[in-house]
Amino acid sequence: MSIHAMYHLILERLSRHELARVPEPDLVMQNPSRNEAFTKVGSEDGLLAFLYFYHALQIAPVVKPGDRVLDIACGPANQLALIALLNSDAHFVGLDASANMLERAAITLAQAGVRNAELVSGDMTALTGIADDSMDCVICTMSLHHLPDLTALAKTLHEARRVLKSDGGFYFVDFGRLKRAGTQRFFAEDKRRLQSENFTLDYLNSMKAAFSVNELADAVALMGLDFEQYATSLASFMVVFKSKNRRVLDDATQLLVLKMYGQLPTVQQQSFQSFAKWFRTGGLGLPCELF
Ligand SMILES: C[S@@+](CC[C@H](N)C(=O)[O-])C[C@H]1O[C@@H](n2cnc3c(N)ncnc32)[C@H](O)[C@@H]1O
């Protein structure tokens, strides 16, 4: 972790302030050029490839072979593609309200050679068309901050619970709202020279729109299921709410994980290691040894 990052994290830790939430200007992401920028950073050779790989790895033990898994607000499916590849014996349904994102998602899945996923158009606050208790697992990555308010957040978690079997698994990850505008700007702009202006703006908007950790935890608790909660240490830059793991990764999956990790560029492996250590000091270890 850089000295700059540490400086901001310590100030964040010491701050007593609470920043007000500023909802996303684009709730459902319909803008093609901003969507393109978002898709690019999460793609195989994008700036955030390590982050998508990290969450795919954390999600893998929550999913069992034969599961039917709903990815709420899947966006361009960068996350979904990796998870589907790591859990080839499960079937995935990616849902999003943006037609443009679903078009991108179809391309991502086809390019990655994913055969165990389908895409549907839908609103995460009202999962109409998805039956009660029909999913073995529900995931939602970096999308809850796209909801307009706490009522929509509660509705989404209520719907997630409705479609999920009572012994099902879940994994929700999102930013936690930081306390300082300076820390928000730091994260959004740290790699400014390597990312498009559209993405820098999108990143800053996301940080501002994040729910607080307590708001997220209260909403997840409404599901009435046991859950584990983790945050990056010193500051809740990112927060994970998950069910207990439902399987131990078998040898074949671990080999695949190692292969996928080996395919990340060195700089991405370094980012992965640094991020994994940051989350580990917040309590969330990796499900298998990688470095
Ligand atoms: C920041 S993206 C995250 C996408 C993906 N989960 C990922 O990790 O890359 C947020 C997504 O939420 C979608 N979205 C926003 N509001 C929604 C709603 N009410 N129902 C379904 N999708 C929604 C947006 O269209 C966008 O694709």
| Estimated dipole of the chain in Debye, rounded to 20 [Cβ of Lys and Arg +1, of Asp and Glu -1, Cα centre] | 780
| query | Which net charge results for the neighbourhood of ARG162, defined as the other residues with beta-carbon distances under 9 angstrom from its beta-carbon, given Lys and Arg at +1 and Asp and Glu at -1? | reply | -2
| note | Quick numbers on the range 190-279, Rg and Dmax over C-alpha atoms in Å, give 16.8, 44
| request: Just order 229-237, 264-272, 136-144, 74-82 by mean Cβ neighbour count inside 10 Å, highest at the front, would you? | output: 74-82, 136-144, 229-237, 264-272
| note | Reduced to Cα centres, the span from the range 51-92 to the range 143-182 in Å works out to 17
| Using 7 Å Cα-to-Cβ label points, what is the ARG192/ASP45 separation (nm, one decimal)? | 2.6
| message | Between LYS244 and HIS158, how high is the FRET efficiency from 1/(1 + (r/R0)^6) when r is the Cβ-Cβ distance and R₀ = 22 Å? Nearest 0.05. | response | 0.55
| field | Virtual spin-label span in nm between LYS259 and ALA131, 7 Å along Cα→Cβ | value | 3.5
| request: Over the alpha-carbon set of the range 143-200, divide Rg by the Kirkwood Rh and report the Rg/Rh ratio to two decimals. | output: 1.13
| task | With label points built 7 Å along Cα→Cβ from the Cα atoms of GLU36 and ALA217, find their separation and express it in nm. | result | 4.2
| message | Run the paramagnetic zone check for ASP167: 7 angstrom along Cα to Cβ, then residues of the range 240-270 with backbone nitrogen under 19 Å. | response | 243-249
| remark: Kirkwood radius from Cα pairs of the chain plugged into Stokes-Einstein at 25 °C, 0.890 mPa s, gives D in µm²/s equal to 129
| request: Please list, in chain and number order, the residues 5+ apart from GLY169 or on another chain whose amide H is under 5 Å from its amide H, with Hs placed from the backbone. | output: CYS137, VAL138
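Among residues other than ARG34 whose Cβ falls under 14 Å from its Cβ, what is the net charge (Lys/Arg +1, Asp/Glu -1)?
-3
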| At R0 = 22 Å, FRET efficiency that the Cβ-Cβ distance of HIS4 and VAL267 yields, to 0.05 | 0.80
| task | Name the residues whose placed amide hydrogens come within less than 5 Å of the amide hydrogen of GLY94, ignoring near sequence neighbours (fewer than 5 apart) on the same chain. | result | ASP71, GLU118, LEU119, VAL120
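No value in this document is a laboratory result; all are computed from the given coordinates. Nothing here was measured: the structure is a model prediction, and the numbers come from that model. Heads up, the Cβs are rebuilt from the backbone with ideal geometry, glycines too, and the neighbour counts pull from every protein chain shown.
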